[in-house]
1. Just to verify a result, which residue in the range 234-261, among those that are of a type in the set (Asp, Glu) and farther than 17 Å from Met212 by Cα, is surrounded by the fewest Cβ atoms within 10 Å (Cβ to Cβ)?
2. I need a count of the residues in the range 102-121 that are surrounded by fewer than 18 Cβ atoms within 10 Å (Cβ to Cβ) and modelled with pLDDT of 85 or more.
3. Between residues in the range 50-64 that are over 19 Å from Thr197 (Cα atoms) and in a helix (DSSP H, G or I) and residues that are at pLDDT below 80 and hydrophobic (A, V, I, L, M, F, W, C), which pairs lie under 6 Å by C-beta distance while being six or more apart or on different chains?
4. Is one or more of the residues making up the range 5-26 outside any strand (DSSP E or B), in contact with a strand residue (DSSP E or B) (Cβ under 8 Å, 6 or more places away or on another chain), modelled with pLDDT of 70 or more and at negative phi?
5. Among residues belonging to the range 262-276 that are small (Gly, Ala, Ser) and touching a helix residue (DSSP H, G or I) at 6+ places or on another chain (Cβ under 9 Å), point out the one that is surrounded by the most Cβ atoms within 10 Å (Cβ to Cβ).
6. What strands (runs of 3 or more DSSP E) completely inside the range 239-323 contain at least 1 residues that are acidic (Asp, Glu), under 27 Å from Arg66 (Cα atoms) and at pLDDT 80 or above?
7. Search the range 74-101 for residues being over 21 Å from Asn56 (Cβ atoms) and in a loop (DSSP other than H, G, I, E, B), and hand back the single one that is modelled with the lowest pLDDT.
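The values are calculated or read from the model by the stated rules, or taken from the named source; none is laboratory data. Predicted model, so just to flag it, every value in this text is computed and none were measured. Cβ: placed from backbone, ideal geometry, glycine included. Neighbour counts: every protein chain shown.
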Amino acid sequence: MSNKLVRISNAGLLLAAACLATVIPANAAQLSTDARTAVPHEVQQLVVIDYRAMQNSSAAMDLRGRVMPPELKQFDEALTKSGLNDNHDVEQLAFALFRPSPSSADSLTTVGIAQGQFPTQDILANFRKNKVKPVLIRTNKVYPLAKTGMVLCFVDASTMVFGAKDAVQKALDARDGVEPSMLTNNSMMEAMKTVDTAALWSILDDKGTKVMMKQVLGEAGSVTDFDTVQKRLQGSWYGMDFQHGVKFDLTISTGDSFAAATISSLLTAAVLVRKMSGSDAEKQALADTAIASDSGRMSVHFAASDNDFSSLLRSPLFQSMVH
């Protein structure tokens, strides 16, 4: 899967960078056991979207429209032709950015997982009608999606795995117990517990957190202080809510108070720098951003109205980050 498709998995991450560098409750976007077992153990970042909650917010759909890459749009179109209506059938959508093996530290791939009430029999009948033949991976039937380079597999009536063939193979290996899944990744499972009731949420391991912080800090990420503390970054997680405006909360775990305070200071400095050159929307985002540290964790809170958030999405800096 190309780097462009990885962008949708980093939608919340890019929003965090945009906010910081410019800087009835929603239904829980929780993954089923089948979906969790399809995420490989070496996951660097997992992003989960509650489609129903997103569709009730104009700001959320604006975000989705601006960061969705062409490949995912092609996938949407292919599914629609197969009989799946993503506006009604998909309830949760997840993207896992993972390393194919523990030794492939610099090699990443992405797999998508969709949950919902799918008209599986209708979709499979349409595949048969169009003479689309599946490839068997053990007992799993994997179907190619024409003109996308992607494949999909229904692992049960309510869970679908999709993406590049190799990525889906790895996901099915994890689900079938051939390879370890995220269920054995204790740090990521613990992080998930803190955010999986948000409309959009993400968890990152130590490597993913370092990448995120480099993006967020920009030039400030090259200073000696960051080089010193980045080794202490243990992981991070964030959640977004779209019920009344837009709320974003990010937590970074460092394990010690000094590292958390240092990261907090660097972020604060980066925000001040951006205030001097940002657009009106970016400056407003900075004014709505609070940064703090406590007991080995650094936190960021951002809140805005739907209108202010939509203005931020149209800002030059945000556009430069997602294109």
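1. Taking the range 234-261 as the starting set, the residues that turn out to be of a type in the set (Asp, Glu) are 241, 249, 256.
When the remaining residues are screened for being farther than 17 Å from Met212 by Cα, the result is 241, 256.
Working: Asp241: 22, Asp256: 13.
The extreme case among them is Asp256.
2. Of the residues in the range 102-121, 4 are surrounded by fewer than 18 Cβ atoms within 10 Å (Cβ to Cβ) and modelled with pLDDT of 85 or more.
3. Between residues of the range 50-64 that are over 19 Å from Thr197 (Cα atoms) and in a helix (DSSP H, G or I) and residues that are at pLDDT below 80 and hydrophobic (A, V, I, L, M, F, W, C), the close pairs are Asp62/Leu313.
4. Among the residues of the range 5-26, not one is outside any strand (DSSP E or B), in contact with a strand residue (DSSP E or B) (Cβ under 8 Å, 6 or more places away or on another chain), modelled with pLDDT of 70 or more and at negative phi, which makes the answer no.
5. Pass one, the range 262-276, residues small (Gly, Ala, Ser): 264-265, 269-270.
Retained after the next criterion (residues that are touching a helix residue (DSSP H, G or I) at 6+ places or on another chain (Cβ under 9 Å)): 265, 269-270.
Working: Ser265: 15, Ala269: 14, Ala270: 20.
Applying the filter and picking the extreme gives Ala270.
6. Output list reads 246-253.
7. Gly83
Per-residue answers, yes or no, for (1) buried (at least 19 other Cβ atoms within 10 Å of the Cβ); (2) among the aromatic types (Phe, Trp, Tyr); (3) more than 19 Å from Leu97 (Cα to Cα):
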{"site": "Lys147", "(1), (2), (3)": "no, no, yes"}
{"site": "Met150", "(1), (2), (3)": "yes, no, no"}
{"site": "Ala167", "(1), (2), (3)": "yes, no, no"}
{"site": "Asn186", "(1), (2), (3)": "no, no, no"}
{"site": "Ala191", "(1), (2), (3)": "yes, no, no"}
{"site": "Thr194", "(1), (2), (3)": "no, no, yes"}
{"site": "Leu200", "(1), (2), (3)": "yes, no, no"}
{"site": "Asp225", "(1), (2), (3)": "no, no, yes"}
{"site": "Arg232", "(1), (2), (3)": "no, no, yes"}
